[in-house]
There are 2 protein chains.
Amino acid sequence: MEFPNIPKGTRDFSSIEMSKRNYLIQVIREKFELFGFYPIETPSFENISTLVGKYGEEGDYLMFKLLHSGNVLKKLSNKALRYDLTVPFVRYVVMHKNEIVFPFKRYQIQPVWRADKPQKGRFREFYQCDADIVSSYGSLWEEIELIQLCDEIFTKLNFPIIIYINHRDILGGLVEISGIKNNLWKDFTTSLDKWNKIGRDLVKKEMLRKGISSQSFEKIAFFFDMKENFSKKEKHLTVAFQYSKKGKKGIKDLSFIYKNIRRISLQNTKLEWNISLARGMNYYTGTILEIVPFHNLISIGGGGRYDQLANLFGMKNVSGVGVSLGLDRIYLAMEKKNLFQTIPSKVLFINFGDEEVLYAYKMINFLRKKGISTQLYPHTVKIGKQFRYANDNNIPFTISIGKNEIKRNKIRVKNLKERTEKEYDNINDIVNQLI
Amino acid sequence: MEFPNIPKGTRDFSSIEMSKRNYLIQVIREKFELFGFYPIETPSFENISTLVGKYGEEGDYLMFKLLHSGNVLKKLSNKALRYDLTVPFVRYVVMHKNEIVFPFKRYQIQPVWRADKPQKGRFREFYQCDADIVSSYGSLWEEIELIQLCDEIFTKLNFPIIIYINHRDILGGLVEISGIKNNLWKDFTTSLDKWNKIGRDLVKKEMLRKGISSQSFEKIAFFFDMKENFSKKEKHLTVAFQYSKKGKKGIKDLSFIYKNIRRISLQNTKLEWNISLARGMNYYTGTILEIVPFHNLISIGGGGRYDQLANLFGMKNVSGVGVSLGLDRIYLAMEKKNLFQTIPSKVLFINFGDEEVLYAYKMINFLRKKGISTQLYPHTVKIGKQFRYANDNNIPFTISIGKNEIKRNKIRVKNLKERTEKEYDNINDIVNQLI
């Protein structure tokens with residue numbers, strides 16, 4: 001008999017952890033709906049043809065594929081667990097385009113799976129919380145709404161964030177003026193994305209190895225290190241992009257977003273232009289966003305605009321933009337800062353025997369009708385053991401009605417935190433202190 | 001380019017469907033917590049060794065197995081998607097026994113997967129909502145609490161149910177007095193479970209084919225057809241079980257549950273002893289329950305007591321009992337009876353251009369602060385198109401602030417259902433009619 005275990009990279013969640021996770025989901029859901037996003041869900045697994053080729057080579061490799069039941073070797077698999085929520089969402093839009101009202105604003109809170117090497121803070125099963133807008137032509141007000149939405153969520157969570165913003169066309173413009181060849185575009189963005197993690201020198205080394213010339217690198221490296229404010233960056237890049245149509249478009253989009261966000265104002269969030277932000281997913285084409293906690297570099301979410309994704313499913317002229325929040329990363333960061341509260345069950349009825357329980361049961365029903373979480377200890381065991389159960393589960397009140405109390409028509413209530421005990425005549429008199 | 005599709009037996013859920021599903025989950029969760037059950041979650045996939053052999057031969061065959069990434073043929077798979085929530089829960093209890101406070105009351109609301117033949121109302125991915133109690137010795141008050149819990153949930157859903165109850169020891173007693181051999185026990189229960197679906201004659205045919213004698217069958221068939229009330233059934237069986245210790249134990253347990261339920265009383269639920277109820281899962285050992293809607297035979301949930309399951313993971317002296325509600329079956333049954341309401345987004349702000357939106361945005365923020373779900377149409381397109389969007393999404397109010405309104409300091413509000421329009425001076429004056 002092997003001691004039971006779970007697959008590596010997966011987790012069990014205890015009641016205390018689940019209460020906190022449910023609280024997070026509830027806040028995120030509430031704010032998504034406040035901004036007019038509607039919930040949808042898609043299956044846990046998709047046809048493999050839907051998923052392959054959307055996440056780059058690594059993504060294809062890290063996908064969890066399902067084995068056929070029955071004759072497994074005949075054809076190993078044609079299904080895989082979803083890798084993110086964006087591709088299944090776009091598949092949804094294409095499949096249901098005739099029922100959908102555009103612009104289509106949906107949110108989705110579901111797990112995704114990656115056969116990644118498990119390590120601290122990285123799991124093989126984790127939850128994403130996505131809000132996206134899909135329409136036949138994009139509008140930068142969509143980006144502004146999404147930034148407002150994140151501000152609203154993290155303000156409610158009492159958890160200040162920085163949103164880093166950049167634009168794929170600005171990176172495109174920089175590639176243009178640097179002379180880097182088009183076929184090195186993916187190599188360039190993949191390496192650049194590591195700028196904040198591994199630093200300028202290692203990024204340079206990696207780029208040179210991939211065939212980018214030192215001259216090209218030095219022509220644009222200056223911009224990735226700029227510490228100045230938005231206007232200064234804008235001014236410098238406007239000069240640099242004098243002959244780059246692409247670069248100009250990127251600058252124009254970001255300026256629009258910045259100008260309007262400044263006038264509408266954010267509550268708790270800092271918006272910061274990070275020119276080295278590139279984002280891994282291949283499908284981003286416009287604005288890109290990354291969300292990090294204040295005083296911390298770990299990404300807890302991201303997003304951006306993807307204009308070509310629906311093309312891959314044969315649907316033209318569709319622009320999508322969205323944010324994706326990582327529930328598990330947010331959880332870990334908030335846990336570290338002690339930002340959660342938990343709410344336990346309120347009352348435990350001590351079990352003195354069948355007749356006593358039966359007598360007490362109408363009071364149990366009464367408290368539940370009032371919405372007060374009420375438990376009956378299921379066995380007639382030693383009182384000490386029953387009180388220990390209340391204590392270990394952080395249940396603040398016990399109610400004892402033994403033979404003696406029944407005879408005297410009394411209800412004995414113990415407050416376990418204050419270690420006080422009091423007798424009441426009527427269950428009605430207790431309700432207020434329990435709520 | 002293939003038109004995108006999803007694997008058979010799986011489903012996309014639209015916003016309207018999700019609103020209803022979320023409502024169901026919210027009610028079930030709330031009532032679980034009201035009764036002092038705490039949430040936990042387990043991973044979507046488990047080690048295969050955890051799952052095999054717990055559900056019978058069919059279960060092993062219908063499990064979705066995961067393919068190794070990398071060198072797939074070396075070792076095909078050591079993981080599978082969970083098949084139900086009970087086995088992973090017991091695995092959880094055994095793995096975490098040192099942190100858990102017993103009796104352990106947990107609930108779990110998660111999807112499960114079966115590679116079953118898809119058909120009407122049967123899916124390959126579906127949600128179960130389980131509440132279980134695990135302790136070192138069982139108490140029949142646990143069964144009573146679970147029945148009360150179901151009554152509370154379905155009363156709140158305004159959806160009256162029948163709970164069929166039976167006891168494995170009663171079936172054991174019947175097998176004893178009929179002379180059916182012990183090694184035919186599984187064949188007997190599997191066939192008996194179809195009594196209500198396919199009827200006495202077909203069940204008999206199946207049993208004879210499996211080696212049960214006609215004489216044995218006729219000795220006990222009378223009990224499965226009994227239409228009398230609890231006391232009459234009890235009286236008949238007590239006589240029949242004169243020499244069956246097992247049978248007597250079953251009767252005693254059911255009598256205790258019946259007697260106390262009658263005195264505590266249920267709100268909307270009918271409890272009915274169904275002697276032909278057997279339940280498919282191998283792990284049940286005591287009371288068994290099945291939940292069906294009034295005037296309908298489709299099972300929407302079930303449960304029972306399992307005393308040996310933890311044994312399979314090397315943990316002795318553990319008794320578990322629980323109910324499992326099928327979210328998808330409840331959904332379908334309630335949909336058929338039109339028992340859902342949906343709540344859409346409340347307000348759409350018409351988009352007249354960037355300056356107008358910017359002017360209106362402080363009102364959008366104000367309404368959201370009041371908790372009113374408020375959307376901005378993201379593009380400056382023809383007004384008619386924007387109103388159609390509100391209409392198609394069942395958004396009841398639109399707010400229009402164009403150049404003219406800005407100049408006159410007015411806010412134009414349209415009630416799309418009543419087809420009325422009114423002007424206001426202050427956003428504060430609108431709040432009350434929007435809530």
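The values are calculated or read from the model by the stated rules, or taken from the named source; none is laboratory data. Remember, predicted model here, so these are calculated numbers, not experimental data. When we count neighbours, we look across all protein chains shown, and the Cβ atoms used for this are built from the backbone with ideal geometry, even at glycine. All accessible areas refer to the heavy atoms of the entire protein, side chains included, with ligands and DNA or RNA removed. Shrake-Rupley method; radii C 1.70, N 1.55, O 1.52, S 1.80 Å.
The residue list B:Ile257, B:Ile291, B:Ile251 contains one member that is in a strand (DSSP E or B) and modelled with pLDDT of 95 or more, which is B:Ile291. Being under 28 Å from the mean Cα position of the chain (by Cα) and either hydroxyl-bearing (Ser, Thr, Tyr) or crowded, with 18+ Cβ neighbours inside 10 Å (or both) is a property that does not hold for A:Tyr243. Scanning the stretch A:390-412 for residues that are open to solvent by less than 10 Å² (accessible area, probe 1.4 Å) and either of a type in the set (Gly, Ala, Ser) or farther than 20 Å from A:Ile430 by Cα (or both) returns A:Ala390, A:Ser400, A:Gly402.
Residue count for the stretch B:330-351 satisfying the condition of being of a type outside the set (Val, Ile, Thr) and open to solvent by less than 20 Å² (accessible area, probe 1.4 Å): 6.
Checking each residue in the stretch B:184-201 for being open to solvent by 50 Å² or more (accessible area, probe 1.4 Å) and not acidic (Asp, Glu) picks out B:Trp185, B:Lys186, B:Thr190, B:Lys194, B:Asn196, B:Lys197, B:Ile198, B:Arg200.
Within the stretch A:126-183, being part of a loop (DSSP other than H, G, I, E, B), among the aliphatic types (A, V, I, L, M) and open to solvent by less than 10 Å² (accessible area, probe 1.4 Å) holds for one residue alone: A:Leu157. When residues in the stretch B:1-55 are screened for being more than 30 Å from A:Pro7 (Cβ to Cβ) and among the charged types (D, E, K, R), 5 of them pass. Considered as a group, the residues in the stretch B:319-329 that are outside any strand (DSSP E or B) and either open to solvent by less than 70 Å² (accessible area, probe 1.4 Å) or not assigned by TED's automatic domain parsing to the domain that holds B:Leu24 (or both) include one that is farthest from B:Gly303 (Cα to Cα), and that residue is B:Asp328. Within the stretch B:357-366, the residues that satisfy the criterion of being within 9 Å of chain A (Cβ to nearest Cβ) and either touching a residue at least 24 places away in the same chain (Cβ under 8 Å) or open to solvent by 10 Å² or more (accessible area, probe 1.4 Å) (or both) are B:Leu358, B:Lys362, B:Asn365. With respect to (1) more than 8 Å from chain B (Cβ to nearest Cβ); (2) closer than 12 Å to B:Gly36 by Cα, the lone exception for A:Lys382 is condition (2). From the list B:Phe102, B:Phe3, the one residue that fits, being hydrophobic (A, V, I, L, M, F, W, C), part of a loop (DSSP other than H, G, I, E, B), open to solvent by 10 Å² or more (accessible area, probe 1.4 Å) and over 29 Å from A:Asn22 (Cα atoms), is B:Phe3.
Note on the stretch B:118-142: residues that are within 11 Å of chain A (Cβ to nearest Cβ) and over 15 Å from B:Gly301 (Cβ atoms) amount to 13. Taken over the stretch B:202-237, the criterion of being of a type in the set (A, V, I, L, M), open to solvent by 50 Å² or more (accessible area, probe 1.4 Å) and under 18 Å from B:Val175 (Cβ atoms) is satisfied by B:Leu208 alone. The lone criterion from (1) surrounded by 14 or more Cβ atoms within 10 Å (Cβ to Cβ); (2) within 44 Å of the chain's Cα centre (by Cα) left unmet by A:Asp354 is number (2). The residue of the stretch B:1-20 that is nearest to the other protein chains (Cβ to nearest Cβ), among those that are of a type in the set (D, E, K, R) and within 13 Å of B:Glu335 (Cβ to Cβ), is B:Glu17. The single condition from (1) open to solvent by 10 Å² or more (accessible area, probe 1.4 Å); (2) farther than 23 Å from B:Lys369 by Cα that A:Pro88 fails is (1).
Per-residue answers, yes or no, for (1) of a type in the set (A, V, I, L, M, F, W, C); (2) within 24 Å of A:Thr285 (Cα to Cα):
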| position | (1), (2) |
| --- | --- |
| A:Tyr23 | no, no |
| A:Phe37 | yes, yes |
| A:Pro43 | no, no |
| A:Lys54 | no, yes |
| A:Ser77 | no, no |
| A:Val87 | yes, yes |
| A:Glu99 | no, no |
| A:Phe102 | yes, yes |
| A:Tyr107 | no, yes |
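With the structure loaded, tell me whether A:Arg122 is surrounded by 21 or more Cβ atoms within 10 Å (Cβ to Cβ) and either touching a Phe, Trp or Tyr at 6+ places or on another chain (Cβ under 7 Å) or assigned by TED's automatic domain parsing to the domain that holds A:Leu332 (or both) or whether it fails that test. In short, no.
If you take the residues of the stretch B:330-356 that are part of a loop (DSSP other than H, G, I, E, B) and among the small types (Gly, Ala, Ser), which of them is farthest from the other protein chains (Cβ to nearest Cβ)? Across the stretch B:330-356, the extreme among qualifying residues is B:Gly353. Looking only at residues that are modelled with pLDDT of 95 or more and assigned to a loop (DSSP other than H, G, I, E, B) in the stretch A:385-408, which one is nearest to the other protein chains (Cβ to nearest Cβ)? Once the filter is applied, the top-ranked residue is A:Ile401.
Does the stretch A:284-301 include one or more residues that are crowded, with 19+ Cβ neighbours inside 10 Å and either out of contact with any strand residue (DSSP E or B) (no Cβ under 9 Å at 6 or more places or on another chain) or closer than 18 Å to A:Lys235 by Cα (or both)? No, the stretch A:284-301 contains no residue that is crowded, with 19+ Cβ neighbours inside 10 Å and either out of contact with any strand residue (DSSP E or B) (no Cβ under 9 Å at 6 or more places or on another chain) or closer than 18 Å to A:Lys235 by Cα (or both).
A Cβ distance below 6 Å, combined with a sequence gap of six or more or placement on separate chains, defines the contacts here; from the stretch A:411-422, residues that are in contact (Cβ under 8 Å) with a residue 40 or more places away in the chain reach residues that are part of a strand (DSSP E or B) and surrounded by 12 or more Cβ atoms within 10 Å (Cβ to Cβ) in the pairs A:Ile411/A:Tyr424.
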